[in-house]
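S.K.: Here you go, one structure.
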Amino acid sequence: MPAQMHGDSICTGPIRGPLYGVGGGAFCHDAAMSAESPLYLSLADRLAGLAASGSLRPGARLPSVRALSEQHGVSVSTAVQAYRTLEDRGVIEARPKSGFFVRRARELPPVPAATRPPTRPVAVEIKSIADAVYDLLGEPGYVSFGAAAAGESLYANERIRRAMARSAQRHVDSLGRYATSLGVPELRQAISRRAVNLGCHLDHGNVVVTNGCTESITLCLRAVTQPGDVIAIESPTYFGFLRAMQALGLRAVEIPMQPRTGMSLEALELALDTQPIKAVLAVPTVSNPMGTIMPTASKRRLAALLARRGIPLIEDVICSDLAPTEEGRRAVRSFDRGGHVMLCGSFGKTLAPGLRGLGWVEAGRWSREVASLKRSFSGGGSTVVEWAVADLLEHGGYEQSLRQLRRNFSEQIDIARQIIGAAFPAGTRVTDPSGGFVLWVELPRSVDAIELYRRCIGQGIVVVPGPLFTTTTRYRNCLRLNAGAPWTPQREQALRMVGQLAAGLVAGA
């Protein structure tokens, strides 16, 4: 809830207790601390929000630990933990014999510069570390910033369970037979209606339900390429794309990325002029790993550029619903008039991570080829799950869940950037994404991300080193970090440890 003014007082919620002066201003006690978080985290989040809004001015002196304890009706240890959490986040600082003060505004890490990949085609080889990242996801004893999976508590799991139960009850006969279609009509229609939010008008008859977005993209690549063909990709790009391209024997030309605007269209046009590119594979909205949202004008220009040359764009929209604005969510496909854009998506990032194995594709002028390939390689999916997802998309409060997810991810990204600014070595740069929950971190050049990965594993922490996101030896000093899970003291301490290990490599160099 936004801050409310009451005379000279500032509240972050309904007044349920007395006002207390802080540094010349005041804040209100809200007895309704979040039941979903420990008391000290609720208190820390409240004070951090006041500092972020300016209600607690930089340099303002905070109450003593005992005064904070009495004002909020919490134990002294809870007040101490709240202040320690804010210190760790870099929101406040302790001054010897003076107390706690709101930290004066400091510059957060700058965003990385534009990438500069080589311009020649390269055979695709993905490293075995990618397998280890997935193997360690959820492994007891490890804190994972690796696989781009959000925290399970952020999703409406009970609502999903009820939808699955209803589907199994209503369609019990389907459990006894194989699915032979390209997706139940109800789900294909729901996907078509959802695509309107991307600015797209899809014929549900051309929508194919797949076993996840990776299968969607692989089917599209199979439809438009032969082994040895050259594909233009973003640089850095999602390592899952590189695995698929390696399996198909494809070569890649990497196109530079601007952290705020996405793929360089000038560089892409030059590559199209000089290389035998057969297709472009990109994530224009909430890219992985940089979180970039390409401006609308650039999306329009990209569609026109490829249409003139008759080159297909395989557009991944898996995280598009996480973009904060309606205009930002608009797909390149919305500007396509000739069927040159093949649209691929799934529900693992937005509905539930456990549904990442259910995706979809609408392949434009290649729809018939993709449907045929789907029948040949994997056939139909689970109709019970498909009916349940159709129900959730149409009647399950999906839009409300998306709004909450966007807020949660935005807050979690902000905390991650604060910790990185306070705990990582000088010279570190980090993206400031508009949507999604992953960060691209550029460390000082003396840091070897592969070695940092190994040292993190030794501490029970999983990160993804930058070389996995390229076909070359670039990004040796970069990491992708997942901020999708809610912050806990353990996760915050683990992220600070990553920074300390990186600082150790700088010192050792």
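S.K.: Based on what the data block shows, is G240 in contact with a strand residue (DSSP E or B) (Cβ under 8 Å, 6 or more places away or on another chain), among the small types (G, A, S) and under 13 Å from D316 (Cβ atoms)?
M.R.: no
S.K.: Would you say W440 is farther than 30 Å from G339 by Cα and touching a Cys at 6+ places or on another chain (Cβ under 8 Å)?
M.R.: Taking the combined requirement at face value, the residue satisfies it.
S.K.: A follow-up question, please. Considering only residues of the range 180-196 that are buried (at least 17 other Cβ atoms within 10 Å of the Cβ) and of a type in the set (A, V, I, L, M), which is nearest to A323 (Cα to Cα)?
M.R.: Restricting to residues being buried (at least 17 other Cβ atoms within 10 Å of the Cβ) and of a type in the set (A, V, I, L, M), the top hit is A195.
S.K.: Of all residues being within 23 Å of S167 (Cα to Cα) and among the β-branched types (V, I, T) in the range 362-402, which is surrounded by the fewest Cβ atoms within 10 Å (Cβ to Cβ)? Just the residue, please.
M.R.: Looking at residues that are within 23 Å of S167 (Cα to Cα) and among the β-branched types (V, I, T), I get V384.
S.K.: So which residues in the range 485-505 are modelled with pLDDT of 95 or more, small (G, A, S) and either more than 18 Å from E442 (Cα to Cα) or surrounded by fewer than 23 Cβ atoms within 10 Å (Cβ to Cβ) (or both)?
M.R.: A494, G499, A503, G504
S.K.: Among N288, N206, which is closer than 25 Å to S334 by Cβ, in contact with a Cys (Cβ under 8 Å, 6 or more places away or on another chain) and not hydrophobic (A, V, I, L, M, F, W, C)?
M.R.: N288
S.K.: Search the range 344-356 for residues that are within 13 Å of S153 (Cα to Cα) and part of a helix (DSSP H, G or I) and pair each with any residue that is of a type in the set (F, W, Y) and at pLDDT 80 or above when their beta-carbon atoms are under 8 Å apart and the residues are at least 6 apart or on different chains.
M.R.: Partner pairs satisfying both residue conditions: P353/Y155.
S.K.: For the list (1) under 20 Å from the mean Cα position of the chain (by Cα); (2) buried (at least 21 other Cβ atoms within 10 Å of the Cβ); (3) over 22 Å from R480 (Cβ atoms), I need the number of the one condition that A156 fails.
M.R.: (2)
Yes/no per residue for (1) exposed (fewer than 15 other Cβ atoms within 10 Å of the Cβ); (2) modelled with pLDDT under 85; (3) of a type in the set (A, V, I, L, M, F, W, C); (4) farther than 26 Å from A416 by Cα:
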position: S64; (1), (2), (3), (4): yes, no, no, yes
position: R89; (1), (2), (3), (4): no, yes, no, no
position: V102; (1), (2), (3), (4): no, no, yes, no
position: P117; (1), (2), (3), (4): no, yes, no, yes
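S.K.: Would a scan of the range 78-89 turn up a residue that is touching a residue at least 60 places away in the same chain (Cβ under 8 Å) and either among the charged types (D, E, K, R) or in contact with a strand residue (DSSP E or B) (Cβ under 7 Å, 6 or more places away or on another chain) (or both)?
M.R.: Yes: the range 78-89 contains one or more residues that are touching a residue at least 60 places away in the same chain (Cβ under 8 Å) and either among the charged types (D, E, K, R) or in contact with a strand residue (DSSP E or B) (Cβ under 7 Å, 6 or more places away or on another chain) (or both).
S.K.: Being of a type in the set (F, W, Y) and part of a loop (DSSP other than H, G, I, E, B) is the filter here, so list the residues in the range 425-467 that pass it.
M.R.: Hit for the range 425-467 is F437, nothing else.
S.K.: Taking the criterion of being free of Cβ contacts under 8 Å to residues at least 60 places away in the same chain, touching a Lys or Arg at 6+ places or on another chain (Cβ under 6 Å) and surrounded by 15 or more Cβ atoms within 10 Å (Cβ to Cβ), would at least one residue in the range 197-218 satisfy it?
M.R.: Yes, because at least one residue in the range 197-218 is free of Cβ contacts under 8 Å to residues at least 60 places away in the same chain, touching a Lys or Arg at 6+ places or on another chain (Cβ under 6 Å) and surrounded by 15 or more Cβ atoms within 10 Å (Cβ to Cβ).
S.K.: Continuing with the same structure: If you take the residues of the range 66-87 that are more than 30 Å from the chain's Cα centre (by Cα) and hydrophobic (A, V, I, L, M, F, W, C), which of them is surrounded by the most Cβ atoms within 10 Å (Cβ to Cβ)?
M.R.: A79
S.K.: Write out, first by first residue and then by second, each pair whose Cβ atoms fall under 8 Å of each other, whose residues are 6+ apart or on separate chains, and whose first residue, in the range 242-264, is farther than 19 Å from G228 by Cα and in the same structural domain as F377 (by TED's automatic domain parsing) while the second is assigned to a helix (DSSP H, G or I) and of a type in the set (A, V, I, L, M, F, W, C).
M.R.: P256/A267; M263/L302
S.K.: For the range 78-90, indicate whether the set of residues that are among the β-branched types (V, I, T) and either assigned by TED's automatic domain parsing to the domain that holds C478 or part of a loop (DSSP other than H, G, I, E, B) (or both) is non-empty.
M.R.: No, the range 78-90 contains no residue that is among the β-branched types (V, I, T) and either assigned by TED's automatic domain parsing to the domain that holds C478 or part of a loop (DSSP other than H, G, I, E, B) (or both).
S.K.: Let me ask another. Just wondering, is there one or more residues in the range 415-424 that are on the phi > 0 side of the Ramachandran plot and in a loop (DSSP other than H, G, I, E, B)?
M.R.: No, every residue in the range 415-424 fails to be on the phi > 0 side of the Ramachandran plot and in a loop (DSSP other than H, G, I, E, B).
The values are calculated or read from the model by the stated rules, or taken from the named source; none is laboratory data. All values derive from a computational prediction rather than experimental measurement. Counting neighbours? That spans all protein chains shown, and the Cβs are built from the backbone with ideal geometry, glycine included.
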